[in-house]
Amino acid sequence: MSVQTASPNVQSTWTKQDRYPTRLRQPQEALWRPRQEEVVKGRHLNGPLSGDQLDQFERNGFLFEPNFLSQEEVAALRAELAALLARDDFRDRDFSITEPHSHEIRSLFAVHFLSRRFEQLAKDERMAGRARQIVGGDVYVHQSRINYKPGFHGKGFNWHSDFETWHAEDGMPGMNAVSASIVLTDNHEFNGPLMLIPGSHKVFVHCLGETPDDNHKQSLKQQELGVPSHDALRELIEANGIQAPTGQAGGLLMFDCNALHGSNANMSPDPRSNAFFVYNRRDNACVQPFGAKRPRPSFLAHQPDEVWTPTQGTH
């Protein structure tokens, strides 16, 4: 994959110190710029990942481990997920995202504050230890959620880099975060599995369009801003292809904060659900947004040692 250097005349709406300018007004000569941080920063730390696994993560930007959880653990988490999705008092709340054209809950954010069982999962050393090895230091949960993609009706999600959003709208300074997704239902090629572009985490693809106020209200249902250009996607996919890790419930997918990913609609009768935790290095806590007037609500972007409750207001 050839990496183009960024144009020296980048036009943005914020400080010149920003290493990852995005939400730009005008297209740039280059489709992307090189990543500034190392991918794996904690090889010196003890943890559950082997050297070969860390090499794979560094090369591809993700690592899938089947059978990470036992079927007993999966059953307990699925029961908890069903109980949370059935909570009528969670509907029409800011942290509860419904399908674009229905009232069915698609995602519940801040789930490690809503559920003791998911809080325990977020703190599980099997995941936190992996995260520390990858990001190279102590971590906290920047974001958590459970996702539910119902059979036949679950919508897809456009290609994007999570870091692009977290940088532009939350103020995450650098690429020192990793996502951990626990597969809670069997994940196959027909029920809209997560697709990733291997190697895409090594470059930052800037996006066009200034961020409107309260963009999260739209983007969490269907992301239209903060998506890479077709030219950038075409070049990256032609060079690296697309992979969609699949398998039975209980697998763990860890992927770099900057890995480009997306998903198709669920065309099968089988639902797809997962628990999702973002581990951010503590010294990489969010500051002022780099591409928005004000930060998103706290249920989308927690600070270290934050205590969040469902009664908290939003911006």
Once both label points are put 7 Å beyond Cα along the C-beta direction, the Arg19-Glu37 separation in nm becomes 0.8 nm
Length gain on complete extension for the stretch Thr98 to Arg126, per 0.36 nm per residue less the alpha carbon to alpha carbon distance? 7.0 nm
Rounded, prolate or oblate: which fits region 230-295, taking a ≥ b ≥ c as square roots of the Cα gyration tensor eigenvalues, rounded meaning a/c under 1.5, else prolate when a/b beats b/c? oblate
List, in order, the whole-Hz ³J(HN,Hα) value for each residue of region 234-248 obtained from phi through the Karplus relation with A = 6.51, B = -1.76, C = 1.60 and θ = phi - 60°; use x for Gly and Pro. 4, 5, 5, 6, 4, 7, 10, x, 10, 10, 10, x, 10, x, 6
Rounded to the nearest 500, what is the 222 nm mean residue ellipticity of the chain from helices alone, with -39500 (n - 2.57) per DSSP H run of 4+ residues and division by all residues? -6000 deg cm²/dmol
Under the Debye formula (equal points on every Cα, no solvent term), log10 I(q)/I(0) of region 22-158 at q = 0.17 Å⁻¹: -1.12
So the number of lysine pairs in the chain with alpha-carbon atoms under 20 angstrom apart, 8 or more residues apart or on different chains, is 7
Rounded to whole Hz, the Karplus (6.51, -1.76, 1.60) HN-Hα couplings of region 173-188, x for glycine and proline: x, x, 8, 10, 9, 9, 9, 10, 10, 9, 6, 9, 9, 3, 10, 10
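To the nearest 0.05, what FRET efficiency results for Asp283 and Glu119 with a Förster distance of 22 Å applied to their C-beta separation?
Once the sixth-power term is evaluated, E becomes 0.40.
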Tell me which residues come under 5 Å, amide H to amide H, from Lys149 once H is placed; ignore anything under 5 positions away on its chain. Arg272, Ser273
Equivalent ellipsoid dimensions for region 103-250 as semi-axes, Å, which come from the Cα gyration tensor, largest first: 24, 20, 19
Post the alpha-carbon centroid distance, region 20-77 to region 265-315, in whole angstrom. 18 Å
Can you list the GluC sites (Glu not before Pro) in region 23-106 that are in a DSSP coil and have 16 or fewer other beta carbons within 10 angstrom? Glu29, Glu37, Glu38, Glu104
So if I place +1 on the C-beta of Lys and Arg and -1 on the C-beta of Asp and Glu, and nothing else carries charge, what would the dipole magnitude of the chain be about its Cα centre? I want it in debye, nearest 20. 380 debye
Between the modelled labels at Arg59 and Asp88 (7 Å from Cα along Cα→Cβ) the distance in nm is 5.4 nm
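Kindly identify the chain as rounded, prolate or oblate by the Cα gyration tensor criterion: order the square roots of the eigenvalues as a ≥ b ≥ c, call it rounded if a/c is under 1.5, otherwise compare a/b with b/c, prolate if a/b is larger, else oblate. Provide the component values of the computation, followed by the final result.
Numbers: a/c = 1.37, a/b = 1.24, b/c = 1.11.
Rounded shape, in that the Cα axes give a/c under 1.5.
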Residue order, fewest to most surrounding Cβ atoms within 10 angstrom, among Thr185, Thr311, Thr211, Thr246: Thr311, Thr246, Thr185, Thr211
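Where in region 222-254 are there GluC sites (Glu not before Pro) that are in a DSSP coil and have at most 11 other Cβ atoms within 10 angstrom of their Cβ?
Passing sites in region 222-254 are Glu224.
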With θ taken as phi - 60° and the coefficients 6.51, -1.76 and 1.60, list the Karplus ³J(HN,Hα) couplings across region 159-165 in order, rounded to whole Hz; mark glycine and proline as x. 4, 6, 9, 4, 4, 4, 5
Most exposed to least, judged by fewest other Cβ atoms within 10 Å, Ser263, Ser70 sort to Ser70, Ser263
Can you tally the net charge around Gly247? Count Lys and Arg as +1, Asp and Glu as -1, for every other residue whose Cβ sits under 10 Å from the Cβ of Gly247. -2
Measuring from centroid to centroid over Cα atoms, what is the spacing of region 100-142 and region 172-205 in Å? 14 Å
Neighbour-count ranking [beta-carbon atoms within 10 angstrom, fewest first] of His201, His44: His44, His201
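The numbers here are math on the coordinates, done by the rules we state, and not lab data. This is a predicted model, so every value here is computed, not measured. Positions of Cβ are generated from backbone atoms using ideal geometry, with glycine treated the same way; all protein chains shown enter the neighbour counts.
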